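Read the figures in this text as sums done on the coordinates, not as results from a lab. Treat the numbers as computed from the prediction; the structure is a model and nothing was measured. Neighbour counts run over all protein chains shown; Cβ positions are idealised from the backbone, glycine included.
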Amino acid sequence: MADPLKDLDLPEPPAPVGAYERGMVHGGIGFLSGQFPLRDGKLVHIGRVGSELTEAEGRQAAEIAALNAIAGIRALLEGDLSCLASLLRVDGYVASAEGFERQPWVLDGASEAFRRMLGDRGRHARAAFAVPCLPLNAPVELVVTFGVSGKRA
């Protein structure tokens, strides 16, 4: 049976922005380093949600970070997403203006993209964190843990 994830149209995964690995796979579990809403090496949106950015812009940033996460997982699995058993957990960090409390709705942009692109393999547990600032002045950062099956486990 053909894998429907084989032909996903994904961006090139962004390179790490520091001295760390894109991610690691060990014992059937993959850990993807933080993903930002980057396109062509540049942030699509900059700043805090609820101040410089609207909630809708934050959701869009979360969706872009999710696409980068899937691309990063594909790179870790050497181009073979058929080995992706499932996402397990997504930790979402939202750079938030004081008083902004809708981080879960911002991160729904990522969760909905994961489900749309990966089907049932995109289901996941999630935590939402409000932070005053993120690296590069990014509005969103996603950290993804996933299960690996088959020859890559």
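Summary table
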{"quantity": "Range in the chain, longest, excluding exposed GluC sites (Glu not before Pro) [loop by DSSP; at most 13 other beta-carbon atoms within 10 Å]", "calculated": "22-77"}
{"quantity": "Cα long-axis angle, helix 55-76 against the chain (0 to 90 degrees, to the nearest 10)", "calculated": "30"}
{"quantity": "Among (i) 15.3; (ii) 15.8; (iii) 16.2, the entry that matches Kirkwood radius over Cα pairs in Å as calculated here", "calculated": "(i)"}
{"quantity": "Under-5 Å amide H pairs with Ser86, H placed in peptide plane, nonlocal only", "calculated": "Gly147"}
{"quantity": "Interchain or long-range residues, amide H under 5 Å from Ala127's placed H", "calculated": "Val90, Asp91, Gly92"}
{"quantity": "With eigenvalues of the C-alpha gyration tensor scaled by 5 and rooted, the range 41-131, Å", "calculated": "25, 14, 10"}
{"quantity": "Residues whose placed amide H lies under 5 Å from that of Val140, excluding near-sequence neighbours", "calculated": "Ala95"}
{"quantity": "Gaussian network model of the chain, springs between alpha carbon atoms under 10 Å - residue of Gly47, Gly58, Gly27 with greatest fluctuation", "calculated": "Gly27"}
